[in-house]
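Chemist: Once you've had a glance at the structure underneath, I'll fire off some questions.
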Amino acid sequence: MSKKKLKDFFKQSISSHIKANSGQDVSQATEAEVWAALSRAIIEHVADNWAETKKAYDKTRQEHYLSAEFLVGRSTLNNLVNLDIYDEAKDALKDLGFDLTSILEEENDAALGNGGLGRLAACFMDSSATLDMPVTGYGILYRHGLFKQVFDNGYQVETPDVWMEDDFAPVVPHRDEKQRIELATGDVYAVPYDLPITGYHTDNVNTLRLWKAEPLTPFDIHDFNAGNFQEALEEKNQAEDIWRVLYPNDTTHEGKVLRLKQQYFFASASVKDIIRRHKENHGDLRTFAEFNSLQLNDTHPVIAIPELIRLFMEEGIEFDEASEIAKATFAYTNHTVLAEALEKWDINIVKELIPNVYSVIEKIDAKFRAELAEIDAHPGKIEYMSMIHDGQVHMAWLASYVSYSINGVAQLHTDILRKDTLHDWEDIYPGKINNKTNGVTPRRWLRNTNPELSALITKLLGNEDWVKHADKLEELLPFADDKKVLKQFLDVKKIKKQQLADMVETSLGIKVDVDAQFDIMIKRLHEYKRQLLDAFYILDLYYRIKENPQEDWTPRVFFFGAKAASGYVRAKTIIKFINEIAELINNDSDVNNIIKVVFVENYNVSKAEVLFPAADLSEQISMAGKEASGTGNMKFMMNGALTIGTLDGANVEINGQVGDENMFLFGAKEEEIVEILPSYDPKVPYEKTPGLKRVVDTLIDGTFSDDNQGLFQDLYNSLMVGDWDQADQYYVLGDFASYREAKDRAAVEFNDKETWARKAWINISKSGVFSSDRTIREYVEDIWKIEETKI
Ligand code: TH1
C-alpha cells in the first residue's frame, strides 16, 4: 500500500471505529477513545496476515509457549514500528486533530506478570514473530494485573490495577473456540482472547492467546426469581475469581487453592486447544509430538503434563504410550534456584480440586519409581526424586521427568542446576539439562524506548538492519575512539536523562540535576537482590559528605524502582527504609545539591522504558549464585550504562563481553560464597568495616521511624541475629566494603566524561548477544526444532 493510501486507511478506519463504538464523530472523541480506535485500526490492518499466519503454522511443527505471566506493557507503539506504519498513523491522527505521542500515553500497561519471568515471555513473543517462527503464547487474561503501588508515608500500599475495566481494545475474543474445564468445585468455560503479536518488518503476525473464565450459565434464574440474588450469582463469582488477579496471595489455604485453579485452568484450556488444532490439521493423535512442542515457563504450567496424558487416555491411548508422547512433547525452563520458589502442592489440595489429574500424577510417580528401581537407584534417592513424596506434589520434579529438555536461563545458573538443584537428574539423564541465556528484544528496549540513540546507531551503520540483527551492533566498536561520536552519545544520554528528570519532577515533585551521575536500581524488591546494600552505601555516603563537605564529591542521583510482594513484610520494610533515607537526604541542604534519592512509585514497564535509557550506572548487585539471570542488566547495557555488579547470573556473560575494565565488579563469587557462609559471622564486617556499624545501627537507634511497628528491628535482626544460615544470609555486610570501593571508583571515573562515554559505547557495541532473537534461535535449534515459516 502506498503511504498516501495507508494514511487514508487509518483516517477512515479510526473514524469509523469511533463512530461504531460511541455513535459520535471523531471530533467529539476523547484521547482514550482515539487510542482504542487506533488499536482496532491496527487489528483491521493486520487481520488478513494474521489469519494467513495461523493457517501456515497449522501445516507445520509448532511451538506453544505456556506461561502464567506475559508482562507485555503497552503494544501500540511497538506495533506501529514493527509494521512500519508509524508515520502514516501519525499523519492520519494529525489530520483528525490529534497528536500520536499523547494518544499513545492513553494506553494502560498490560501488567500480566511480576517481573523478569513475565517480561522474558513477552520479549520471546516479539522475537518469535520477528523471526517468522511458528510460536504461540498461552496464558491468562488477568482482569487485574500486578497491583499498583502507592506510597503512604513511605510505606508501600497496594491497589488493584484496573487496566481493562473500560474494555481492552487490542484483544479479540474467539468465543467459538471456548473450552470446558473440569473442576471439582464446578466446571467453567475458558474463552480465548487473542492479542496479535507483530514482528519487526515482517508480514507474519503471531498470537498470544489469553484465557478468560466464564460460568456455564450466567446466573441461576430460579434462585434469582426466588429473591436469592447472592446464591444466583455464586457460580459466576466462582468463575470470575479464576481470572480476577495475577498471583493471588497464597499464604492462606484458599489462596493456594485459587492459584492451583488458575494454573490448571489455563494449562487445561491450552492443552485442549492444542489437541483440537492437531486433530483438525493432522488427524492422528499419535503424531502429536511430531507436530507439537510445549515449553513450560517455570513450574506454573507444569500441571499441563498430567492433563495432556489424561486427555490422551480419554481418547483411548494407554497410559504408557500417552506418557511417552508427553515426554517427547514437553520442555521445561527453570528460572530460579531459590528453594521457596520451587513449587510444591499439598496432595490434598490437588486431590480435592482435580482428582482425575491427581490419579494420573500417581501413575507417573509409580512409573518413575519403577524406572529408577530398574537402574538400581538408592531407595532414598528414589524417594527424594519422586514427584509425590512428603505429602506433596513436586512440580519441578514432575517437569524434570516428563520432558525432553530442561534449561536454565544463564550459564552460571545452568551450572548450578547441574551441580546442585538438579544434580540427580543430571546423573540419570546426562545432556538433558541445557543452557539458554536470556535476552531482551532490541525493538522495545532500544529502538522504541531510545529513538535518539537508535538514530545515531542507524546513521553510523548506514541502515536499520541492526534492529533485526543485533550482532551488527558490534560494528559500532571502532567508534569507541571517535571523539565526535562519543560527544553525540553524551548528548543523547543527556536528552534521556532530561526526560527522566521531567517525569520525576512531574510525578514526585523532586528536581534532579541531569549532569549528576544517574545510578539506577530497578527490579523486584527481594532480599537476595540486595537493595539494602545500595541503601547502606547511600546512607554511609551521606554521613561521609556531612563530615567532609568540601571534598570533591561527584554529584549523583540514586534511583530505585521496586514492588514488594504484598505478603513479604521484610521487603516492604526495605522500601520504607529507603524512603526514610530519601526524606533525610533530599531535605538536608548540606547534601542535597550533591546527592538525591528518588524512589519511583509504581515501577512498571512504561516507567522502565524511561528509566533504562537514562542510566549511567546499572545496579546488578545480587548475592552471587542467587539471581538466575537478570534481564534488566541487558537493557541497561544496550542503552549505554556501565554495570556495577557481582559475578551472578548473566552479569558473568556481560563481563565476558566487555571485560573487567568496562564494568565495576565487586563482591564474593559464587564458589567463594559457598565456602564463606558456613562459618560467616556478620558481626565481623559490622565491627571492622569503617562506617558500617553506623548505618546498620540506624535501624535501631531512632534515626528513622517505622511508627513503632518493630519493622526496622526485625530487619536489623535479620542481619545480625542467629546462626550462619539465618544472620545476613545474603551477605550484605560481608560484601559492603567491596561494594563501597567499586561504587566510589565509579563515581570518580564518571568525572572523566570521555573515558566514561568510551566504556558505555563498548557496552552498547557488545550488547548484541543479549538480543532475545539470539535466545529464540537457540531454543529453535536445540529444543523446539521448528522452522522459519514466512507467509
Ligand atoms: C526470574 C529470575 O529471578 C531472574 O533472575 C530471571 O532473569 C527471570 O526470571 C527470567 O528468567 C524469576 N521470576 C520468577 C517469578 C515467579 C517464580 C519464580 C521466578 S524466577 C513467580
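Chemist: Which pairs in the list LYS511/LYS626; LYS493/LYS523; LYS496/LYS635; LYS236/LYS607; LYS381/LYS419; LYS7/LYS607 are over 25 Å apart, alpha-carbon to alpha-carbon?
Modeler: The pairs that break the limit, which is 25 Å between Cα atoms, are LYS511/LYS626; LYS236/LYS607; LYS7/LYS607.
Chemist: Check SER771: other-chain or 5+ apart residues with amide H under 5 Å from its amide H, H built from backbone geometry?
Modeler: Correct list: VAL440.
Chemist: Going by average Cβ density within 10 Å per residue, which order do the peptides 105-118, 446-459, 335-348 take, highest to lowest?
Modeler: Details: 105-118: 22.1, 446-459: 19.9, 335-348: 15.8.
Ranked by mean Cβ neighbours within 10 Å, highest first: 105-118, 446-459, 335-348.
Chemist: Around PHE330, which amide H atoms from residues at least 5 apart in sequence, or from another chain, sit under 5 Å from its own amide H, with H modelled in the peptide plane?
Modeler: LEU294, TYR404
Chemist: Could you grab the relative contact order for the stretch 319-458? Cα pairs under 8 Å, six or more apart, rounded to a whole percent.
Modeler: Once divided by the residue count of the stretch 319-458, the mean separation gives 28 percent.
Chemist: Work out the length of the dipole vector of the stretch 164-294 about its Cα centre, built from +1 on the beta-carbon of each Lys and Arg and -1 on the beta-carbon of each Asp and Glu, and round it to the nearest 20 debye.
Modeler: Here the stretch 164-294 has a charge dipole of around 540 debye.
Chemist: Please name which of ALA32, LEU66, ILE43 has its Cα lying farthest along the dipole of the stretch 17-102 towards the positive end, using unit charges on Cβ (Lys, Arg +1; Asp, Glu -1) and the Cα centre as origin.
Modeler: Looking along the dipole axis, the top candidate is LEU66.
Chemist: To continue, here is another question. Taking the Cα-to-Cβ direction at ARG180 and at GLN726 and moving 7 Å from each Cα, how far apart do the two end points lie in nm?
Modeler: 5.5
Chemist: To continue, here is another question. Quick one: which residues, 5+ away or cross-chain, put their amide H under 5 Å from the amide H of PHE664? H built at 1.01 Å from N.
Modeler: Sorted by chain and number, the residues that satisfy this are THR643, ILE644, GLY645.
Chemist: Between SER589 and GLN709, how many nm apart are label points set 7 Å from Cα along the C-beta direction?
Modeler: 3.3
Chemist: While we're on this one: Name the residue farthest towards the positive end of the dipole of the stretch 151-252 from the options THR202, THR185, ILE242, assuming +1 on Cβ of Lys and Arg, -1 on Cβ of Asp and Glu, about the Cα centre.
Modeler: THR202
Chemist: Take peptides 288-296, 703-711, 67-75, 145-153 and line them up by average Cβ neighbours within 10 Å, highest first, as a rough protection proxy.
Modeler: On the way: 288-296: 22.1, 703-711: 13.8, 67-75: 26.1, 145-153: 17.6.
Result, highest mean first: 67-75, 288-296, 145-153, 703-711.
Chemist: Whole-Hz Karplus ³J(HN,Hα) for the stretch 182-196, in order, using 6.51 cos²θ - 1.76 cosθ + 1.60 and θ = phi - 60°, x for Gly and Pro?
Modeler: Working through the residues one at a time gives 8, 10, 4, 7, x, 5, 9, 8, 10, 10, x, 10, 9, 9, x Hz.
Chemist: What size of dipole, in debye to the nearest 20, comes out for the stretch 319-393 about its Cα centre when the only charges are +1 on Lys and Arg C-beta atoms and -1 on Asp and Glu C-beta atoms?
Modeler: Rounded to the nearest 20 debye, it is 80 debye.
Chemist: Let me ask another. Find how much the distance from PHE319 to THR30 grows on full extension, using 0.36 nm per residue of separation minus their present alpha carbon separation; answer in nm with one decimal.
Modeler: Between PHE319 and THR30, full extension yields an extra 98.3 nm.
Chemist: A follow-up question, please. For the stretch 748-762, list residues with backbone N below 20 Å from a point placed 7 Å from the Cα of LYS484 toward its Cβ?
Modeler: Within reach of a label on LYS484: 754-755, 757-759, 761-762.
Chemist: I need the helices of the chain that pass two filters: whole DSSP H segments spanning 27 Å or more by Cα along the axis, and mean Kyte-Doolittle score no lower than -0.5.
Modeler: Details: long enough: 3-22 (28 Å, -1.00); 31-58 (38 Å, -0.39); 253-282 (43 Å, -0.96); 355-374 (29 Å, -0.21); 483-508 (36 Å, -0.42).
Correct list, ordered by number: 31-58, 355-374, 483-508.
Chemist: A further question follows. Express the relative contact order of the chain as a whole percentage, based on alpha carbon pairs under 8 Å and six or more residues apart in sequence.
Modeler: 14
Chemist: Tell me, how many Å apart are the Cα centres for the stretch 3-64 and for the stretch 136-203?
Modeler: Here the answer is 20 Å between Cα centres.
Chemist: Would you mind ranking ILE700, ILE545 by Cβ crowding within 10 Å, fewest neighbours first?
Modeler: ILE700, ILE545
Chemist: Grab the DSSP H runs of the chain that are 4 residues or longer, score each as -39,500 (n - 2.57), total them, divide by all residues and round the 222 nm result to the nearest 500 deg cm²/dmol.
Modeler: Result for the chain: -14500 deg cm²/dmol, rounded to the nearest 500.
Chemist: Give the shape of the stretch 1-153 as rounded, prolate or oblate, defined through the alpha-carbon gyration tensor: a ≥ b ≥ c are the square roots of its eigenvalues, a/c under 1.5 means rounded, and otherwise the shape is prolate if a/b is larger than b/c and oblate if not.
Modeler: Oblate, because a/c is 1.5 or more while a/b does not exceed b/c.
Chemist: Right, next: Please give the net charge around ILE510, taking every other residue with its beta carbon less than 13 angstrom from that of ILE510, where Lys and Arg add +1 and Asp and Glu add -1.
Modeler: Summing Lys/Arg as +1 and Asp/Glu as -1 gives -3.
Chemist: Between TYR384 and ASP48, what is the label-point separation in nm under the 7 Å Cα-to-beta-carbon projection?
Modeler: It works out to 6.2 nm between the two label points.
Chemist: Hey, another quick one. Just from the alpha-carbon atoms, what are the Rg and Dmax of the stretch 124-185 in angstroms?
Modeler: Every Cα atom of the stretch 124-185 included, Rg and Dmax give 17.5, 50 Å.
Chemist: So between ARG286 and ASP681, what do we pick up on full extension, going 0.36 nm a residue minus the alpha carbon distance?
Modeler: Contour length minus the Cα-Cα distance gives 136.3 nm.
Chemist: A further question follows. Rank the residues PHE312, PHE9 as a footprinting-exposure proxy: fewest other Cβ atoms within 10 Å of their Cβ go first.
Modeler: PHE9, PHE312
Chemist: Ranked highest first by average number of other Cβ atoms within 10 Å, how do 630-638, 517-525 line up? Mind dumping the intermediate values first?
Modeler: Numbers: 630-638: 27.7, 517-525: 23.7.
The packing order, highest mean first, is 630-638, 517-525.
Chemist: Please give the contour-minus-distance gain from ASP415 to ASP491: 0.36 nm per residue of separation, less the Cα-Cα distance, rounded to one decimal in nm.
Modeler: Computed gain between ASP415 and ASP491 is 23.2 nm.
Chemist: Further question: Given charges of +1 on the Cβ of Lys and Arg and -1 on the Cβ of Asp and Glu, with all other atoms neutral, how large is the dipole of the chain about its Cα centre, in debye to the nearest 20?
Modeler: 1680
Just so you know, all these numbers are worked out from the coordinates, no wet-lab data involved. Here the structure is a predicted model, which means the values were calculated and not measured. Neighbour counts run over all protein chains shown; Cβ positions are idealised from the backbone, glycine included.
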